[in-house]
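Below you'll find the structure, written out as structure tokens, and then a few comments.
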Amino acid sequence: MFPRIYKSATRLLPSSIALYSSTASSSRPSAHQLHQMSVKQLVSEAIDQNKVAIFSKSYCPYCRRAKALFAESFPDVETTVFELDERDDGSDIQAYLAELTGQRTVPNVFINKTHVGGSDAVTALHKQGGITKLLQQEA
Ligand SMILES: N[C@@H](CCC(=O)N[C@@H](CS)C(=O)NCC(=O)O)C(=O)O
């Protein structure tokens with residue numbers, strides 16, 4: 001029913017996201033490690049706590065297209081957008097998303113904790129009715 005593109009959507013389990021991994025050499029995290037922890041925490045909470053989370057860049061045409069699709073086709077669904085180019089930690093978030101999903105580009109879209117992908121993936125899934133189906137899942 002939902003062939004290739006739907007199968008490629010990945011359900012991310014919060015418990016599988018390690019928030020902090022340290023080398024055994026020091027018991028106290030460095031400032032860099034603390035920063036990385038807060039980036040991971042932010043991404044993990046963004047995915048877990050939002051029905052639709054879109055990691056975006058404000059000037060990106062693909063992001064605009066993805067945001068417009070949700071605004072026009074699912075106006076009643078709350079969509080949370082993180083504009084990475086407007087944040088100091090934006091490039092770290094993007095790097096962590098690449099680690100987590102294998103996708104380095106924006107937009108990077110999650111629905112009900114499931115990784116959908118970029119604008120092309122969102123559009124293709126929507127044409128198959130897959131966005132509606134994902135939105136209907138229990139949070
Ligand atoms: N085919 C991708 C194209 C996405 C894309 O190329 N996004 C650009 C921004 S418009 C990107 O992420 N470039 C690398 C970057 O900004 O770091 C999609 O449908 O989402």
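Figures for the structure shown
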read-out: Number of the exception - Ile111 against (1) more than 10 Å from the chain's Cα centre (by Cα); (2) more than 9 Å from the ligand (Cβ to nearest atom); (3) at pLDDT 95 or above; (4) over 30 Å from Gln33 (Cβ atoms); value: (1)
read-out: Inter-residue pairs, beta-carbon under 6 Å, first among the hydroxyl-bearing types (Ser, Thr, Tyr) and in the stretch 26-53, second not in a helix (DSSP H, G or I), 6+ apart; value: Ser44/Ile17
read-out: Residue count, the stretch 120-132 (criterion: surrounded by 15 or more Cβ atoms within 10 Å (Cβ to Cβ) and either in contact (Cβ under 8 Å) with a residue 60 or more places away in the chain or not hydroxyl-bearing (Ser, Thr, Tyr) (or both)); value: 8
read-out: Options Ala68, Ala124: the member that is among the small types (Gly, Ala, Ser) and near the ligand (Cβ under 10 Å from one of its atoms); value: Ala124
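The values are calculated or read from the model by the stated rules, or taken from the named source; none is laboratory data. Since the structure is predicted, the reported quantities are computational estimates derived from the model, not experimental observations. Glycine also receives a Cβ, built like all others from the backbone with ideal geometry; neighbour counts cover every protein chain displayed.
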